[in-house]
Amino acid sequence: MSYARQIDELGIEGYLARYGRREMLRFLTCGSVDDGKSTLIGRMLYDSQQVYDDVLAATKKASARFGTTGEELDLALLTDGLQAEREQGITIDVAYRYFATDRRKFIIADTPGHVQYTRNMATGASTCDLAVILIDARHGVLEQTRRHSFICALLGIQHFVIAVNKMDLVGWSEQRFQEIRDAYSDFAARLQVRDIHFIPLSALKGENVVFRGASMPWFQGAPLLQHLESVHVASDRNLVDLRFPVQHVLRPNLDFRGYAGTLASGVVRIGDPVAVLPSGKQSRVASIVTFDGPIQQAFAPMSVVLTLADEVDVSRGDMLVAPNNAPPLVNGFEAMVVWFSEQPLQPGKQYLVKHTTQQTPAVVTDVRYRINVGNLHREPAGTLHMNEVGRLRLECARPLAADAYAQNRATGSFVLIDRLTNGTLAAGMIVERKVAEDTVQRRRGSADAGSNVRLQHRRKVTAAERAQHLGQRPFVLWITGLPRAGKSTIAYGLEKWLFDRHHHVQVLDGEILRSGLNRDLGFSGADRWENQRRAAEIARLNLESGISTVVALVSPLAFERRQAREIVGGRHFFELFCDAPLEACEARDEDGLYARARAGELGNVTGVDAPYEPPAQPELHLDTLHDSAADNLQKVVAFLRERKLVK
Amino acid sequence: MTTYALSHLQQLEHESIHVIREVAAEFERPVMLYSIGKDSGVMLRLAQKAFAPARIPFKVLHVNTTWKFREMITFRDQLVKELGLDFVEWINQDGVRNDINPFDHGTQRYTHIMKTEALKQALEAGGYDAAFGGARRDEEKSRAKERVFSFRDRFHQWDPKNQRPELWNLFNCRVAKGESIRVFPLSNWTELDVWLYVHRENLPVVPLYFAKHRPVVRRGGTWIMVDDERMRLEPGEQPETKLVRFRTLGCYPLTGAIESGADTLPKIIEEMLRSRDSERQGRKIDYVEAGSMEQKKREGYF
């Protein structure tokens, strides 16, 4: 191995000391099936003497069986992995390779060139500093080349090496190399990539890979490996904006409360002021703790534990930032998204967004456009299919501390997860903050307007007096359950029972709300959430007027019901779970809701293609499959009597 | 002057800590598989670092085939005591009852019952939804494509065509009941990185890694150690004493030693750097057929 020479020079201890200071470079190799990518990687490993004898022997054996190079050693077989793929003679996934020289440790993300595997390329590119893009000198810049370049640029890679391979097959022609260089440069002007470097080479013959070779004296630049060893990537890191997403809270004993996490960007020092997002509470960094002892400062991407000077509430998913340089908290934002799943994007359907260390339900409210990655044209689109890229607008249930991806890879990226299958559906890069900020601004504006209304000063009658006047103790009963689980039956049965006993009550269900007040809302996740929020607000107003409210809404998600409880106020809020299995509800499908959902005519129907989270601890649990409506009504009445809400 | 630069070892360390914390934060019942080898040792140290000053917040599990080197078990028990680990050992008792051993039942069958099956039993018994393993991508070709978070179905099976995309350091930690994730925090480490880290951290390792005169027999082109009286000698085999050490550790009848005089860490590293054979060469299991590791992984092997 090449290590031997260095050990001879430095002695093992000297060698270890030097090796310990080596940097790491992650790069991606991409090219079409026949561009010779596997051969290039094999050549790089082979010529830098990184291949063990036993592996070489096995490869020689495999060359005879699967190889495409006849008698010669097929270097491509050094890197191909899975059995089935090997038999098909292709690479189909991201494979990671490792090697080191005395300058750097390299991690190669080896990704395929097929049209249908864009997702793998995006995956590989997401962690890379540099991309090696192969072009077959005979074919020049192809649609594949543009596609790969676009995805690498989209994923934020700032350094490209355009490896013009198979120069041996074009007679080592300088003119051919120049043609390809010009063609690529024309195209790349539209990509925002800082550093593009061209190298003519032959992986098969080993020219300009590790060694210079003699066939292209007209090329004065460094061979590929030498370039990879020296390209400057350290300044790509964001050391300006302090972003510390809290991963885990450590409480080994009562005296210690530490926040474990990885610095997404920036530098943090003891004594630095920090703000906790989303709460906005402020404190100072009291200490930076590691297993190896306390340190004075930490920087991205270090994993450390921070303690704060004050007792502020911090939990997983929160982010510590510099108070004077905080990312905006946004509920909505626009992003470039690469769609991975065979299930196409459904605008309006509720997904989960995982962003830094937090997750939140979210819906895609708008598909702005799709990008034709072959020619970079924008095309109108209503959805995205597997391996398509588009610009979307998302609305999240909880605000995110988000930066634009161009400024911050770690806090500008997210993945979309399917709530039912748990599959990872897509990867997103936040492209714009402005639109999102507008939304926040608007909400903040209306919140400010709300704070100017001084009801307390004008009101001469209190909520308690109103209730007393009506001679009742008002409450809010929130009924949740699958569609057709029997929520409305209970609600209207109870309304009649209360009315007969002179108790003032109002029922709110989907039909009542949507026929007027919520006419502007559809059935997307965000709209359904808003529908419930308004119901909760009405219930709160009723409560203040002394009137009880029975809300009968599917309200499928625990956090949405929790929000309703917060709006109303916990003391008067009771959650009732109408429990019936999905099959039973589907059997009662009188108006064909489930049937239409199953037929694909309706989307985002709870139980079919949207999840239902049953309450863990409802105040009252009714079994509407086995018990009759009359029995269940009696249970509700008994429940209210127990709490002295009715006589 | 601060350069705000990390060496590759530091960077690997911080990335692995991130992975370990993410699992601890998102899964209900994670467990760390501990195989007593150098990689497991590094992983355990990273877990300590991830949660210091708190304790490691999950159990540490050793699947014992009952054919491990005696020195491994001694080392293990000592380490468990020193670190105060929440430790569990699992042995496939069906296998013990049927006296499953590598001599009568062949490497494949023995490994399947005492390792793969035992592991599944242990994971099911513990109700674990995430299991850390010390595997590295550079160990073997089919590993090169494995995710850091490797999704397994209810039968612990790995489907190379149905793995979740893994971008940045955003890991999808959601699983349905019965499904689980195998997590490999050392994915991006190489054998050299592991030894350099052992050296840097001054981590204790099983003495078998260091050269010593040991009783061995020549078998299948490698040296097999006669570790206890259960070792069956074939006709004509005569134990002899050789100065040997092990590059990987496992079940003694299946683990080949190399002739070596490397009796310190720097010497081991130097020997490895000058060596022309990969570390798995000493493991008999990989050489049964090409792609055998992939086959085992599909069945639920780590």
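The values are calculated or read from the model by the stated rules, or taken from the named source; none is laboratory data. It should be emphasised that the depicted structure is a prediction, and the values quoted were computed from it without experimental measurement. Positions of Cβ are generated from backbone atoms using ideal geometry, with glycine treated the same way; all protein chains shown enter the neighbour counts. Calculation scope for accessible area: heavy atoms of the full protein, side chains included, ligands and nucleic acids excluded. Shrake-Rupley method; radii C 1.70, N 1.55, O 1.52, S 1.80 Å.
Data table
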quantity	calculated
Which listed pairs, of A:105/B:49; B:38/B:267; A:354/B:49; A:487/A:635, have C-alpha distances above 20 Å, in listed order	A:105/B:49; A:354/B:49
Percentage relative contact order, chain B, counting C-alpha pairs under 8 Å, at least six apart	20 percent
Calculated P(r) tail over 19 Å for the stretch B:204-286, as whole % of Cα pairs	35 percent
Extension gain (nm, one decimal) between residue B:200 and residue B:96, 0.36 nm per residue minus Cα-Cα	33.5 nm
Averaged over A:371-379, number of beta-carbon atoms from partner chains that fall within 10 Å	0
FRET efficiency, 1/(1 + (r/R0)^6) with R0 56 Å, evaluated for residue A:342 and residue A:641 via beta carbons	0.55
Residue-count net charge about residue A:143 - beta-carbon cut-off 14 Å; Lys, Arg +1, Asp, Glu -1	0
Average partner coverage of A:296-304, which counts Cβ from other chains inside 10 Å	5
Cβ-placed point charges (K, R +1; D, E -1), dipole of chain B about Cα centre in debye, nearest 20	220 debye
Value of D in µm² per second that Stokes-Einstein yields for the protein assembly as shown, Kirkwood Rh from Cα pairs, at 37 °C (0.692 mPa s)	105 µm²/s
Fluctuation leader among B:59, B:68, B:145 - chain B, Gaussian network, Cα springs under 10 angstrom	B:145
Within-13-Å neighbourhood charge of residue B:10 [Cβ basis; K, R +1; D, E -1]	-1
For the protein assembly as shown: accessible area per residue (Å², 1.4 Å)	42 Å²
The stretch B:48-78-the stretch A:274-330 distance, computed between alpha-carbon centres (Å)	32 Å
Helical mean residue ellipticity (222 nm; -39500 (n - 2.57) per DSSP H run of 4+; nearest 500) of chain A	-9500 deg cm²/dmol
Residue among B:65, B:255, B:241 with the largest mean-square fluctuation in a Gaussian network model of chain B, springs linking Cα atoms under 10 Å	B:241
Total charge dipole magnitude, chain A, about the Cα centre, Cβ charges on Lys, Arg, Asp, Glu only, Debye to nearest 20	2220 debye
Peptide B:6-18 - average C-beta neighbours from other chains (10 Å radius)	6
Charge sum, other residues only, whose C-beta stays under 13 Å from residue B:72's C-beta, Lys/Arg counted +1 and Asp/Glu -1	-1
The stretch A:502-573-the stretch A:615-629 distance, computed between alpha-carbon centres (Å)	20 Å
Relative frequency of Cα-Cα separations exceeding 16 Å in the stretch B:144-199, percent	50 percent
Tail fraction, Cα-Cα pairs, chain B, threshold 35 Å, whole percent	17 percent
Protection proxy ranking, peptides A:310-319, A:295-304, average beta carbon neighbours within 10 Å, highest first	A:295-304, A:310-319
Nearest-10 value in Å² for the accessible area of residue B:90, using the 1.4 Å probe	70 Å²
Accessible surface buried once A binds B (1.4 Å probe; total of both sides; Å²)	6900 Å²
Which of A:422, A:343, A:333, positive extreme of dipole for the stretch A:329-433 (C-beta unit charges)	A:333
Gyration tensor over alpha-carbon atoms, the stretch A:463-642, equivalent ellipsoid semi-axes in Å	27, 19, 14
Calculated SAXS-style log₁₀ I(q)/I(0) at q = 0.15, 0.24, 0.25, 0.27 Å⁻¹ - the stretch A:571-647, Debye, Cα scatterers	-0.67, -1.12, -1.17, -1.25
Protection proxy ranking, peptides A:556-567, A:186-197, average beta carbon neighbours within 10 Å, highest first	A:556-567, A:186-197
Gap separating the Cα centres of the stretch A:14-45 and the stretch B:179-213, nearest whole Å	22 Å
